[in-house]
1. Does the stretch 104-113 contain any residue that is in a loop (DSSP other than H, G, I, E, B) and modelled with pLDDT of 65 or more?
2. Looking at (1) at positive phi; (2) modelled with pLDDT under 95, can you tell me which one residue 35 breaks?
3. What tally of residues in the stretch 56-86 results from selecting those that are closer than 19 Å to residue 159 by Cα and either open to solvent by 50 Å² or more (accessible area, probe 1.4 Å) or modelled with pLDDT under 95 (or both)?
4. Considering (1) over 17 Å from residue 131 (Cβ atoms); (2) in contact with a Ser or Thr (Cβ under 8 Å, 6 or more places away or on another chain); (3) open to solvent by 60 Å² or more (accessible area, probe 1.4 Å); (4) modelled with pLDDT of 95 or more, say which one residue 101 fails and leave the rest.
5. Which members of the stretch 3-26 meet the condition of being open to solvent by less than 40 Å² (accessible area, probe 1.4 Å) and under 30 Å from residue 85 (Cβ atoms)?
6. Scan the stretch 161-172 and give yes if some residue there is at pLDDT 75 or above, under 17 Å from residue 10 (Cα atoms) and loosely packed, with under 15 Cβ neighbours inside 10 Å, otherwise no.
7. For the stretch 27-55, name all the residues that are farther than 13 Å from residue 83 by Cβ, open to solvent by 20 Å² or more (accessible area, probe 1.4 Å) and not in a helix (DSSP H, G or I).
Amino acid sequence: KISSGNIVLDKAKLNVSELIQQSIGEFSEKLEDCRLEVVFDKGAEPAFIYADSRRMWRVFENLFNNICKYAMEGTRVYIDMINAYGSVEISVKNISKQRMNIRPEELSERFIRGDSSRSTEGSGLGLSIAKSLVQVHGGNFEIVLDGDLFKIVLTFPEYNPLLDVKEEDTQQECTLPEE
């Protein structure tokens, strides 16, 4: 848990397609329990970004936990990755089991859930933390709602070896929402 509000990033070349594959494997049992099938289109080439692998794992862990909690059982989860024009774009799409009577930007605010009547587990911080971690890596985090379709689009600058030269540049302090 992040309790201090400050983290240090240890950035290096990271294979995002491999991280997503590992995340799918790590969550395979939970996804199976929810009767969710993941369809991952990773593109033809591996995608690399300049990121802290532990913090990026936290982003995907939060996204997959969100999917397991809120996706309609018996549906598919689509993960598409496009590596082009100097950026890596990852989209994660699923069908929500509840109506999404909320604005997309509200879902990444602290203590907000898609169904405002929901009073069960969770603090609503998962997407807020994921968004903060994506942004501190120089990425963009966008939520798109279209009826019951819930989509998150993550965009990162593609890995540039020039950024990986100096060790003092690999650590950066940032502030995240407190958990």
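The values are calculated or read from the model by the stated rules, or taken from the named source; none is laboratory data. Quick caveat: nothing in here was measured; it's all calculated off a predicted structure. Note that each Cβ is placed from the backbone with ideal geometry, even for glycine, and that neighbours are counted across all protein chains shown. For the accessible areas, the whole protein counts, side chains as well, though only heavy atoms, and no ligand, DNA or RNA atoms are used. Shrake-Rupley method; radii C 1.70, N 1.55, O 1.52, S 1.80 Å.
1. Among the residues of the stretch 104-113, not one is in a loop (DSSP other than H, G, I, E, B) and modelled with pLDDT of 65 or more, which makes the answer no.
2. (2)
3. 6
4. (4)
5. 7, 9, 11, 14, 15, 16, 17, 19, 20, 23, 24, listed by residue number.
6. yes
7. Across the stretch 27-55, the qualifying residues are 34, 35, 37, 38, 39, 40, 50.
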